[in-house]
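Report on the structure given below.
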Protein chains: 2
Amino acid sequence: MWTYEPPLPQMNFMLRQVLDAPATWAACPALADLDSATVQEVLKQAGRFAAEVLAPTNAPGDLQGCTLKDGAVTTPTGFREAYAQFVQGGWPALACAPEAGGQCLSQALNAALYEMLVSANHAWTMYPGLLHGAYEVLLHHGVPHLKETYLGKMTSGEWLATMCLTEAQAGSDLGLVRTKAQPVDGASPANGVPVRVSGNKIFISGGDHDLTPNIVHLVLCRLPDAPAGTKGLSLALVPKVLPDGTRNAVHCDGIEKKMGIKGSATCQMRFDQAQGWLIGEPNRGLAAMFLMMNAARLHVAMQGLAHLEAATQNAWRYAAERVQMRAAQRPEGAAPAAADPIAWHPAMRRTLWTLRAQAEGARLLALHTALRLDTAEQHPDPAERQQAGDDVALLTPVLKAFFTHLGHHGADEALGVFGGYGFVHDYGIEQSVRDSRIAMIYEGTNQIQAVDLLQRKVLDDGGTRLNRLLDRLAEEAVRCDAAGQGAAATALREQLRAWRQATQALLDGRTADPGWALRVADDYLHACGHALLAWAWATLLRASAGQDAPTARLFTQAAQVGLDWVLPQAGVHWQRVHTREAALPWLD
Amino acid sequence: MWTYEPPLPQMNFMLRQVLDAPATWAACPALADLDSATVQEVLKQAGRFAAEVLAPTNAPGDLQGCTLKDGAVTTPTGFREAYAQFVQGGWPALACAPEAGGQCLSQALNAALYEMLVSANHAWTMYPGLLHGAYEVLLHHGVPHLKETYLGKMTSGEWLATMCLTEAQAGSDLGLVRTKAQPVDGASPANGVPVRVSGNKIFISGGDHDLTPNIVHLVLCRLPDAPAGTKGLSLALVPKVLPDGTRNAVHCDGIEKKMGIKGSATCQMRFDQAQGWLIGEPNRGLAAMFLMMNAARLHVAMQGLAHLEAATQNAWRYAAERVQMRAAQRPEGAAPAAADPIAWHPAMRRTLWTLRAQAEGARLLALHTALRLDTAEQHPDPAERQQAGDDVALLTPVLKAFFTHLGHHGADEALGVFGGYGFVHDYGIEQSVRDSRIAMIYEGTNQIQAVDLLQRKVLDDGGTRLNRLLDRLAEEAVRCDAAGQGAAATALREQLRAWRQATQALLDGRTADPGWALRVADDYLHACGHALLAWAWATLLRASAGQDAPTARLFTQAAQVGLDWVLPQAGVHWQRVHTREAALPWLD
């Protein structure tokens, strides 16, 4: 009963008509060859893979889950075959550098690909999901010898990768990591410092599986006599199978019984004097890992959007089919009937349009951010790269936390559309609720994102980078005015004004009350998320109002609903940011 | 890792010091004997049963689920034994009438009992959960012969009962029910009109199980030549085992694979010329059933509170134990440490106190409403009964929808406190999220509750009953002023003003725009829920501020957090109620 249709019309319309992606790409030599036909074709093939190959494995994979036997994980039926097709199609290399065997096809296309994969099967996508981050770390921090051995296999997807960070006592606080790395005497460090890695890691996605013959673990660890805390963390590459073909001392001791993404093996890993090689400088492992985590955070943001999109589609379809009670208001010319589609009932329309408005707004923000990432990575002018990079750094925590919130809560709202059927596995939507929850937690919990945004990205430079971003967003209000969308311009300006005001208040008051920002960081982030949606809806309205094409009409209607019905929620978040003298007792 | 501690201190303090329950009971002859010692003892024993007998079966029951074999359902290990103890303890009869073998011990105690049962094991509580409603229907609508056979067995809990309403095509819209009842020729209707019932029902909680030797089904059905729609529905009592000991033609054809409450068998039932007897008048079945549903709706509200309470407890406990990162602010005198309890981190404190504020506010509202139900049922003065009944009718849909919303979303927030561990079954909180979702759907979806509240309870009598309720709630503002709680008085008055204003606007505008109320009914209900919480927090503050007892201090702090941090959310709901000229397109 659960279905998935790739939102290709929206993606294509946004990239071309709304965001003018070709202009961004034309300014970047590495992307200048990307023409509309290629973009459309890549998206079409990605959508086909997601809908036809992956989506059918989603519900069965949830029921079957993974099994661990004799230390080896078996993934659900069909996962191996789907992964083989994924590799064969060259999808892992989509956004990788040509010198590493990649296709360098724009982060925007990669984001769109990733959205569709997760919509179709979040659990499956966990396996290749960390590949790109691991590739980035190795590309930028690996010595040539390691790159030669591993980079090509990772770009092609022939070998998969993991991020081994968490330990039982070290989750959000990686400074508490205890896993040890002991340098090997007499080895030649020119080929990467060889180490023996010992320790236990938990919550390792794809720590073991049967999709690829080798798995490349990137392990956060501690050299002897390293300083305590995060400044004593190093990063080691530890393969499951060593270059000489022997099995490394890397063991999967257990897999978690989880709420969702049951087809993804979440492993307890034990490294027992395992052979590995340091990546990057000793004690600078966290910096290298952050490169991986930033890429991963944008991917996690796409997971939020992916769940929101899939849930929205299924709710719309079900509400159009399910007939219950006569609607108080009916479309003109509707034939009399004993009962009407529930989609006609006003409260349902509120729910369905709210979901659609959030999904399209989030998608525009995601593609916009991915295009900024293209500029940050590929633009010939360092100043342009810097500014785009600043935007991405600011937007990443907002998108990670806000989209995953929207995705999970949107799936939960969509479940309600199905009534009692929503609670039953056959209709698929309850799986969306369960699968989507993890995205609010991993790659830095949403509370961690909020603190990262407010402290590190906004307040620490006195708001400089933020103000540049807001100036740029404000240009859309001018465009809206020029296009006769005065109400949208006003709504956007009001949000930007509230954003600047809240930021200034925090800048002014943080010395006198250092805890203030921490108390209200979640509200600040959610307010920013809504303000960014206001920008997205204004942009969609301006770019599509008055056009007759179905996608343009959908955007116009969704954006208007967003501004009218969803945006008011921003007010309470801004209000709470200004809450200072309020009760927040210690816990007894 | 999941634990449950009955909130006895809060319940006792609320009943005695805050709500002065003994005064309510003293005015009702049937309840006048209830003394404080009895109340404390009943609550203590109920809490012991919940925590010691039921709670240990909760997580295992979720993993094991129910099985159907050869048409018979087996419940998870331990459910039978727990139920036997429940019956032995006399718990099913707690609020039943003495003439039916009940103890008539106040609806407030029954509500408290029910909260604790659901906190300890929601799935298990589904089995006895419908008993009281079925008892009410039979008590008020059954002919003496049926009462003789069934009422005593139900009061004692020896036999359990079901509500067979839903069919595949008839969920929220019961007018579409097709199950047939054929009167039996030549039988004697004085003992209840005998009928043969045929049809298929779905989503029948406890449709079959192994807890009791007989199950009493109350089946919504249609007599031959009955009018279409809800005015042609009759109600039949159809036992699993007939009075002569033979098995009736009632079959369980399947059980659902669900998101949660997996220990509760949700059955597909087939009635195949099953023998039954009409209850109540022909074609008046829905009216009789509504008696059952109203009782059930208050019970479902308690389920929301129960999940909120259990999730809040577990989140507080985990946050006090789990150590991650140094807190930016630390309690005075705290010893230096590499990392602090996450409960000290400001964002966590927001989350934890928000949950506690909602739980205590909801509990006070629940007990208050249950005491109004005592008055409605037992007061000697018909005018008092009428007014209390009006209050209960108004409050029931708010509590059902708002509390179940708070329960599910509160459990979801609490999951976040656990970080990655929250997603893993061992910690229990992900089960709370899954189990709590159904309460927003059954016994009338929360959207249905919102329409019931606004259309039937508020607008249809021009706001008369509502204004009486609001006048009564406003008295608390006077008490707050007198007690030096001026800020709480102001917050409460502001909510009541917004409530009256929104109601008046809808009364004035509904003729010109009949769809308006339906579009904003959900926001109206959530705004009312927040306004009622404001009343609860003001009441708690006034009754406990300045006292040194731990419970009083908890109430003072929780109420203050509620007013400062949670109540602002009311504003956006009131604002949306006034939204008229906003986009809400038809779906294409």
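The values are calculated or read from the model by the stated rules, or taken from the named source; none is laboratory data. Just so it is clear, the structure is predicted and the values come from calculations on it, not from any experiment. Every residue, glycine among them, receives a Cβ derived from its backbone with ideal geometry; neighbour counts consider all protein chains shown. Surface accessibility is based on the protein's heavy atoms, side chains included, excluding ligands, DNA and RNA. Shrake-Rupley method; radii C 1.70, N 1.55, O 1.52, S 1.80 Å.
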Filter pass, A:Asp390 being charged (D, E, K, R), in contact (Cβ under 8 Å) with a residue 40 or more places away in the chain and surrounded by fewer than 21 Cβ atoms within 10 Å (Cβ to Cβ): yes
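To keep it simple, each residue is scored yes or no on (1) free of Cβ contacts under 8 Å to residues at least 12 places away in the same chain; (2) among the hydrophobic types (A, V, I, L, M, F, W, C).
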position	(1), (2)
B:Ala489	no, yes
B:Thr539	no, no
B:Thr556	no, no
B:Pro568	yes, no
B:Leu584	no, yes
Can you tell me which residues in the range A:332-346 are in a loop (DSSP other than H, G, I, E, B), open to solvent by less than 60 Å² (accessible area, probe 1.4 Å) and more than 8 Å from chain B (Cβ to nearest Cβ)? A:Ala334, A:Ala337, A:Asp340
Does the range B:544-551 contain any residue that is in contact with a Lys or Arg (Cβ under 8 Å, 6 or more places away or on another chain), over 15 Å from B:Thr503 (Cα atoms), in a helix (DSSP H, G or I) and not hydrophobic (A, V, I, L, M, F, W, C)? yes
Residues being of a type outside the set (Phe, Trp, Tyr) and closer than 20 Å to A:Ala474 by Cα: count how many of those fall in the range A:506-555. 19
Just to check your reading of the model, which residue among A:Gln547, A:Gln569, A:Gln575 is more than 13 Å from chain B (Cβ to nearest Cβ) and not hydrophobic (A, V, I, L, M, F, W, C)? A:Gln547
Give me a count of the residues in the range B:498-549 that are within 26 Å of the chain's Cα centre (by Cα) and within 25 Å of B:Thr404 (Cβ to Cβ). 26
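Conditions (1) part of a loop (DSSP other than H, G, I, E, B); (2) basic (Lys, Arg); (3) within 14 Å of chain A (Cβ to nearest Cβ), marked per residue:
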| residue | (1), (2), (3) |
| --- | --- |
| B:Glu136 | no, no, no |
| B:Thr149 | no, no, no |
| B:Lys153 | no, yes, no |
| B:Gly175 | no, no, yes |
With respect to A:Leu587, is the statement that it is within 11 Å of another protein chain (Cβ to nearest Cβ), open to solvent by 10 Å² or more (accessible area, probe 1.4 Å) and either part of a helix (DSSP H, G or I) or in contact with a Pro (Cβ under 6 Å, 6 or more places away or on another chain) (or both) true? no
If I ask for residues that are in contact with a helix residue (DSSP H, G or I) (Cβ under 6 Å, 6 or more places away or on another chain), open to solvent by 10 Å² or more (accessible area, probe 1.4 Å) and at pLDDT 95 or above, which ones from the range B:537-565 would you list? B:Arg542, B:Ala543, B:Thr551, B:Thr556, B:Leu563
For the range B:177-196, give me the residue count where each residue is among the hydrophobic types (A, V, I, L, M, F, W, C) and exposed (fewer than 13 other Cβ atoms within 10 Å of the Cβ). 1
Condition test on A:Ala327, is it free of Cβ contacts under 8 Å to residues at least 24 places away in the same chain and either among the basic types (Lys, Arg) or in contact with a helix residue (DSSP H, G or I) (Cβ under 6 Å, 6 or more places away or on another chain) (or both)? yes
Just need a number here: residues in the range A:49-82 that are in contact (Cβ under 8 Å) with a residue 24 or more places away in the chain, open to solvent by 20 Å² or more (accessible area, probe 1.4 Å) and more than 30 Å from A:His251 (Cα to Cα). 2
Criterion: over 15 Å from A:Glu115 (Cβ atoms) and surrounded by fewer than 24 Cβ atoms within 10 Å (Cβ to Cβ) - qualifying residue of A:Pro382, A:Pro397: A:Pro382
Check on B:Gly420, on the phi < 0 side of the Ramachandran plot, surrounded by fewer than 24 Cβ atoms within 10 Å (Cβ to Cβ) and within 14 Å of another protein chain (Cβ to nearest Cβ): yes
Please note which strands (runs of 3 or more DSSP E) are completely contained in the range B:223-331 and include at least 2 residues that are within 14 Å of another protein chain (Cβ to nearest Cβ) and crowded, with 21+ Cβ neighbours inside 10 Å. B:266-279
